[in-house]
Amino acid sequence: MSTDVRTGADGRARCAWVGDDPEYARYHDEEWGVALHGDRALFEKLSLEGFQAGLSWITILRKRPRFREVFAGFELDAVAAFGPDDVERLMMDAGMIRNRAKIEATISNARLVQQLDPGELDALMWSFAPASHRRPATFAEVPATTPASDAMSKALRKRGFRFVGPTTMYALMQSAGMVDDHVDGCWRTL
């Protein structure tokens with residue numbers, strides 16, 4: 001078996017990045033690479049991927065329940081209504097990633113999504129999903145960015161979105177199922 005897959009305690013071969021962490025295994029098995037639609041769901045994913053910049057995804061995954069709590073379930077109208085007092089409240093919350101720029105970007109991005117027609121964020125983001133994508137045989141074949149993630153980043157930045165760089169957008173494309181980067185040998189490829 002390739003070193004790019006690892007067999008878990010349950011006997012399933014998974015992408016090796018999962019390691020032995022049960023939450024990572026659950027996320028890998030149930031969410032990563034599964035098509036995600038809906039403005040609220042994609043806004044949450046966009047926000048969490050932005051918070052992840054410079055950190056490990058497991059850090060964000062473990063804090064996700066708190067993120068959902070303090071960001072009102074990522075309901076667009078609620079987050080868009082956040083003001084300076086909310087920013088300060090979040091900066092004091094030990095359960096959060098206390099990064100002012102990322103907190104303010106999440107609020108600003110909510111306001112931008114709020115200005116779109118219902119379903120427009122979903123349609124915009126999915127418009128960058130490639131028509132075809134070759135599943136990687138190994139992690140060495142998984143890119144950090146692609147022309148599609150570069151284009152998504154550019155389109156979102158042009159609209160005023162923040163923390164939407166090409167690498168962050170490729171991670172979003174992977175996690176939201178716009179591309180499938182489960183490597184050969186992973187049970188999700190069978």
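Within a Cβ distance under 12 Å of Ala25, other residues only, what is the Lys/Arg minus Asp/Glu net charge? So the surrounding residues net to -2. The accessible area of Val179, taken with all protein chains in place and a 1.4 Å probe, comes to roughly 10 Å².
Dimensions of the range 1-62 based on its C-alpha atoms, expressed as ranges along the principal axes with the largest first, amount to 38, 25, 18 Å. Cα centroids of the range 1-43 and the range 150-178: 21 Å apart. Here the Debye sum runs over all C-alpha atoms of the chain as equal scatterers in vacuum, and log10 of I(q)/I(0) at q = 0.10, 0.15 Å⁻¹ comes out as -0.42, -0.91.
Computed over protein heavy atoms with a 1.4 Å probe, the carbon and sulfur contribution to the accessible area of the range 101-177 reaches 54%.
Here the calculated FRET efficiency for Ala151 and Ala9, from their Cβ-Cβ distance with R0 = 35 Å, stands at 0.30, rounded to the nearest 0.05. Residues whose amide H falls under 5 Å from that of Leu116, counting only those 5 or more places apart or on a different chain, are absent, with hydrogens built in the peptide plane. In the assembled protein chains, Ser132 presents an accessible area of approximately 100 Å² (probe radius 1.4 Å).
Once Rg and the Kirkwood radius are both taken over the C-alpha atoms of the range 124-190, their ratio Rg/Rh works out to 1.01. Dimensions of the range 33-118 from C-alpha coordinates, computed as largest minus smallest value along each principal axis and given longest first, are 34, 33, 20 Å.
With the helix formula -39500 (n - 2.57) applied to DSSP H stretches of n ≥ 4, the chain reaches a computed 222 nm mean residue ellipticity of -14500 deg cm²/dmol. The label-point distance for Arg100 and Asp77, in a model that sets each label 7 Å from Cα toward Cβ, rounds to 3.1 nm.
Subtracting the Cα-Cα distance of Thr59 and Phe139 from their residue separation scaled by 0.36 nm leaves 26.7 nm.
At the residue level, Lys102 shows approximately 20 square angstrom of accessible surface with a 1.4 angstrom probe and all protein chains present. Solvent-accessible area per residue in the range 35-190 equals 46 Å², computed with a 1.4 angstrom probe and all protein chains kept.
The values are calculated or read from the model by the stated rules, or taken from the named source; none is laboratory data. Owing to the predicted nature of the structure, the values given are computational and were not obtained by experimental measurement. Note that we place each Cβ from the backbone using ideal geometry, even for glycine, and neighbour counts take in every protein chain shown. These accessible areas exclude ligands, DNA and RNA; they are computed on the full protein's heavy atoms, side chains included. Shrake-Rupley method; radii C 1.70, N 1.55, O 1.52, S 1.80 Å.
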